[in-house]
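To start, the structure itself, in structure tokens.
The values are calculated or read from the model by the stated rules, or taken from the named source; none is laboratory data. Computed from a predicted structure; not experimentally measured. Every residue, glycine among them, receives a Cβ derived from its backbone with ideal geometry; neighbour counts consider all protein chains shown.
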Amino acid sequence: VPAKPWADDEQAWNLSSQELLAPARFALDMYNYGRAAGTRAVLGAVRGRVRRAGQGSLFSLEATLEEPPCNDPLVCPLPETKKTVLCSFEVLEELKEHLLLRRDCSPVNAKVTEFRNATFSSFLPLLDKDPLPQDFSVKMAPLFKDFMTTYNRTYESREEAQWRLTVFARNMIRAQKIQALDRGTAQYGITKFSDLTEEEFHTIYLNPLLQKESGRKMSPAKSINDL
Amino acid sequence: APPEWDWRKKGAVTEVKNQGMCGSCWAFSVTGNVEGQWFLNRGTLLSLSEQELLDCDKVDKACLGGLPSNAYAAIKNLGGLETEDDYGYQGHVQTCNFSAQMAKVYINDSVELSRNENKIAAWLAQKGPISVAINAFGMQFYRHGIAHPFRPLCSPWFIDHAVLLVGYGNRSNIPYWAIKNSWGSDWGEEGYYYLYRGSGACGVNTMASSAVVN
């Protein structure tokens, strides 16, 4: 699969079960890590897509997991019947080693799923994650206004502004995650790119050719002591 | 290598530029390097044209990306680079309008540098700013400080941005590369990005290269 940005259409999600087996099994093992036998979830349905470059592959998986009934008061305060959990995982496979980069799971409630499919897919086509809590977007509104003033942003319509506020709020969460995962002194937060989705930013400002093509061979430079 | 170095303090680096909504970082990385090489070998700092590379380097793909190694070859084959003033940046590809008579600088060759960061630092201190390519993880939200993402998040296998090493040093004992970006001076530290030095962070050591001006 040539290294290219995630395709948003359906077929991009249809990796063969053979390709999905290793990353999906790794993600399940990580999910069940530390659990005693008999209390572990089992894999239900799974679909995935992959972005590859060099020896690295980045799998993005969506899976349903079947949680067994729980009667152990140490694990669940109240007895729980069998339930289904919907998870999205990102698994980096590099030189046959796997690493779980992201795990987002939430109980599947049939009603909520139908609601989400029927409503959100209609007017926020690019929304690629669960909707943000309503109050979170409201909290972000003043920051977003400052952002628009600072970077002189205007949008063509109210819907576009509303959509960009949603992207901005989601990016604030992403920046916090990146901040938490940085071992240096860098500070991450609001920048002039904070109203762009990850896909938009990658497509507009970055240069995927660098990882796909090796370019013309150049002669090696003499090292300084040779000079 | 000296413990620290900064070509900005020695007049070898032009102002931070802005590629706009175009994936032309490769052109800015190369012109930044050639500007430094010309300064060190001819004593004049000239701001050079990226638009010439977008329009006239037919191997690379203008706003859809390119590779420094191809760009050096294009400059050599074209007969040199015009200045930014003579062939200004538009941020989208146009018909090639290069004139050899207008070229103010030329290059003789290009070289690929070692992947050893100490050798890269020594070469930089002696020979000038270096074109490099990195994984741009987190840069969308970078504001200041020394970035040091977890290696799997900033894997050297996913290189997607070209920039210019202009110096290196330590801040509170944390080693860094000083990197000139091309997203304008209202991003990062006045247009600069500081990346941890010594661990191959984000693949910074994987595609170091330079033009050669005899």
* Residue check for A:Thr154: surrounded by fewer than 19 Cβ atoms within 10 Å (Cβ to Cβ) and facing another protein chain (nearest Cβ under 10 Å) -> no
* **One residue from B:Phe39, B:Phe98 being modelled with pLDDT of 95 or more and assigned to a helix (DSSP H, G or I)** => B:Phe39
* **Given (1) over 17 Å from the mean Cα position of the chain (by Cα); (2) under 23 Å from B:Gly20 (Cβ atoms); (3) surrounded by fewer than 19 Cβ atoms within 10 Å (Cβ to Cβ), index of the condition A:Glu198 fails** => (1)
* Asked: Out of all the residues in segment A:180-195, is one or more within 7 Å of chain B (Cβ to nearest Cβ) and in contact with a Lys or Arg (Cβ under 6 Å, 6 or more places away or on another chain)?
  -> yes
* What do you reckon, is B:Ala201 within 8 Å of chain A (Cβ to nearest Cβ), of a type in the set (Gly, Ala, Ser), farther than 19 Å from A:Ala221 by Cα and surrounded by 24 or more Cβ atoms within 10 Å (Cβ to Cβ)? -> no
* Tell me, yes or no, whether segment B:103-124 has at least one residue that is surrounded by fewer than 23 Cβ atoms within 10 Å (Cβ to Cβ), over 18 Å from the mean Cα position of the chain (by Cα), among the hydrophobic types (A, V, I, L, M, F, W, C) and more than 10 Å from chain A (Cβ to nearest Cβ). => yes
* Quick one: how many residues across segment A:203-227 are more than 7 Å from chain B (Cβ to nearest Cβ), of a type outside the set (D, E, K, R) and under 22 Å from A:Arg52 (Cβ atoms)? -> 2
* Asked: Among the residues of segment B:169-198, which ones are on the phi > 0 side of the Ramachandran plot and within 12 Å of another protein chain (Cβ to nearest Cβ)?
  -> B:Ser172, B:Asn173, B:Gly184, B:Gly188, B:Gly191, B:Gly198
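Taking B:Ala133, is it in contact (Cβ under 8 Å) with a residue 12 or more places away in the chain and assigned to a strand (DSSP E or B)? Walk me through it before giving the result.
On the way: in contact (Cβ under 8 Å) with a residue 12 or more places away in the chain: yes; assigned to a strand (DSSP E or B): yes.
Yes, satisfied.
Quick check, is B:Ala125 in contact with a strand residue (DSSP E or B) (Cβ under 6 Å, 6 or more places away or on another chain) and part of a strand (DSSP E or B)?
Details: in contact with a strand residue (DSSP E or B) (Cβ under 6 Å, 6 or more places away or on another chain): yes; part of a strand (DSSP E or B): no.
No.
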* Structure fact -> A:Ala53 passes all but one of the listed conditions (1) within 14 Å of another protein chain (Cβ to nearest Cβ); (2) within 30 Å of B:Leu64 (Cβ to Cβ); (3) at pLDDT 75 or above; the exception is number (3)
* **Matching strands (runs of 3 or more DSSP E) fully within segment B:136-214 where at least 3 residues are touching a helix residue (DSSP H, G or I) at 6+ places or on another chain (Cβ under 8 Å), of a type in the set (A, V, I, L, M) and closer than 22 Å to B:Ala125 by Cα** => B:161-171
